[in-house]
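Right, one structure below, let's go through it.
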Amino acid sequence: MASIVRPALLRQAAATASKMSVAPSRAGPSLVCKAALQRGIRQSVVANAARVTSFHTTSRRSILPPLPQRVQGGVNDPTPVPAPSPSHGSYHWTFERLVAAGLVPLTLTPFAAGSLNPSLDALLCAMILVHSHLGFQAIIIDYVPTNRMPRVRKAFMWGLNAVTALVALGLYEFETTDVGVTEAISRLWHA
């Protein structure tokens, strides 16, 4: 909204400054110098306002070209309804919420109880990995449409699966050959 108002305000300020730039005719030498200085400042403000105003009123251009457009069906055709699937319906949403809510006690328990259990640590790593995978999967589903870019979406999904597997391998190695995630966080916290 501010960018809409700005050009009008700048034009109004430029018009007001140009009206006020008339110096008084009967004034003393100090008032004449002061008026000349103010006139010079007003003229520079008017010049800058005109320059900024012209910048703000230029046409808007899109940075990226639009995605390929394809019309499917006619005007009176109904919207296609996807086939019902329990794994991508309300069960999927409920599972995402349970994973997110389960992370809260799993994150606090090792530090509050004082016990650093490897199985609890492995469960925390698995939940973080599943939560991250589901979140990035939702981003891909929302922003890479299947009907407009099917190959790109498939590539993104396979890339997400590969990165998830690589992170799972890295967390497994960190848990089995090193101190583990909760102990590493505890050491960093007390360092």
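The values are calculated or read from the model by the stated rules, or taken from the named source; none is laboratory data. Worth saying up front: this structure is predicted, and the values here are computed from it rather than measured. Heads up, the Cβs are rebuilt from the backbone with ideal geometry, glycines too, and the neighbour counts pull from every protein chain shown.
Search region 165-185 for residues being out of contact with any helix residue (DSSP H, G or I) (no Cβ under 7 Å at 6 or more places or on another chain) and small (Gly, Ala, Ser), and hand back the single one that is farthest from Ser119 (Cα to Cα).
In this case the residue turns out to be Ala165.
If you go through region 71-91 one residue at a time, how many are surrounded by 10 or more Cβ atoms within 10 Å (Cβ to Cβ) and within 24 Å of Met149 (Cα to Cα)?
Looking only at that region, the number is 2.
Just one of (1) modelled with pLDDT of 95 or more; (2) farther than 22 Å from Glu96 by Cβ trips up Glu175, so point out which.
Status for Glu175: all satisfied but (1).
Which count do you get for residues in region 84-122 that are farther than 27 Å from Trp158 by Cβ and in contact (Cβ under 8 Å) with a residue 12 or more places away in the chain?
Total meeting the criteria: 9.
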